[in-house]
Amino acid sequence: MLITPFDLAKEPLALNQTLAADAMEYTPDVLQSGPLSVTGQADLLIEHHGHKEVVEDIRLRAHYDGDFTLLCARCLDPVPQHLSGDFDLIFRPEAADSDSGERAITEEETEIGYYEERGLVLEDVVREQVLLSLPNRTLCSPDCKGLCQHCGTNLNAANCTCDKTLADPRWSALAGLAGKLSS
């Protein structure tokens, strides 16, 4: 859904969208497993920057709620995860701050995003907010054993037959050193 300042000129835009599971791609290890509801409101904020210079900012306040499937950080098994969150963001046209050279910005300006000339794409904002809300690390269970580092077997499902005494090849140069020191 494209949101433009023209859409908001007369009144705020109420948002009540349901994004299908295949509507957006996130990352290879994050899959939207059901519909994602987005409700909220978009408003136009007019900033006057001088005599005839007007900047049309878009304020987007919304709530998202949906089911996702993440991959376990140890064994790569799918883990269902319900995500929801609220955001209140301000977006400014890219051209508004495109003057050349360096300039100081206020702390409030660090919280401003930018939208392209054609407008703000709601799905892009929601994708970013979902990715920011993901847990740092997802595990299928706290005692997940992970994958065998040699054969890739999921150690939660089966025992592997790999030789557990295999040495790290980076230590092979030191292997004979103990024998030389004792003689």
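Values computed for the structure shown
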read-out	value
Filter result (under 18 Å from Val121 (Cβ atoms), surrounded by fewer than 18 Cβ atoms within 10 Å (Cβ to Cβ) and under 21 Å from the mean Cα position of the chain (by Cα)) within region 28-62	Ser37, Thr39, Arg59, Arg61
Test: residue in region 64-87 that is touching an Asp or Glu at 6+ places or on another chain (Cβ under 6 Å), closer than 26 Å to Ile112 by Cβ and crowded, with 16+ Cβ neighbours inside 10 Å	no
Of residues in region 44-58 being outside any loop (DSSP other than H, G, I, E, B) and acidic (Asp, Glu), the one modelled with the lowest pLDDT	Glu47
Leu166 modelled with pLDDT of 85 or more, more than 30 Å from His49 (Cβ to Cβ) and over 23 Å from the mean Cα position of the chain (by Cα)	no
Ile90 being assigned by TED's automatic domain parsing to the domain that holds Glu128, within 22 Å of Ile3 (Cβ to Cβ) and either loosely packed, with under 13 Cβ neighbours inside 10 Å or touching a Pro at 6+ places or on another chain (Cβ under 6 Å) (or both)	no
Residue in region 83-93 that is at pLDDT 85 or above, in a strand (DSSP E or B) and of a type in the set (Lys, Arg) present	yes
Residue satisfying condition, being farther than 22 Å from Tyr115 by Cα and part of a strand (DSSP E or B), within set Gln32, Gln41	Gln32
Test: Ala96 is at pLDDT below 85, assigned by TED's automatic domain parsing to the domain that holds Glu56, over 22 Å from the mean Cα position of the chain (by Cα) and surrounded by 16 or more Cβ atoms within 10 Å (Cβ to Cβ)	yes
Filter result (of a type in the set (D, E, K, R) and not in a loop (DSSP other than H, G, I, E, B)) within region 2-16	Asp7
Residue within region 22-33 that is in contact with a Ser or Thr (Cβ under 6 Å, 6 or more places away or on another chain) and either in the same structural domain as Leu155 (by TED's automatic domain parsing) or on the phi < 0 side of the Ramachandran plot (or both) present	yes
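The values are calculated or read from the model by the stated rules, or taken from the named source; none is laboratory data. The shown structure was predicted, so the numbers you read here are calculated from the model rather than taken from an experiment. Note that each Cβ is placed from the backbone with ideal geometry, even for glycine, and that neighbours are counted across all protein chains shown.
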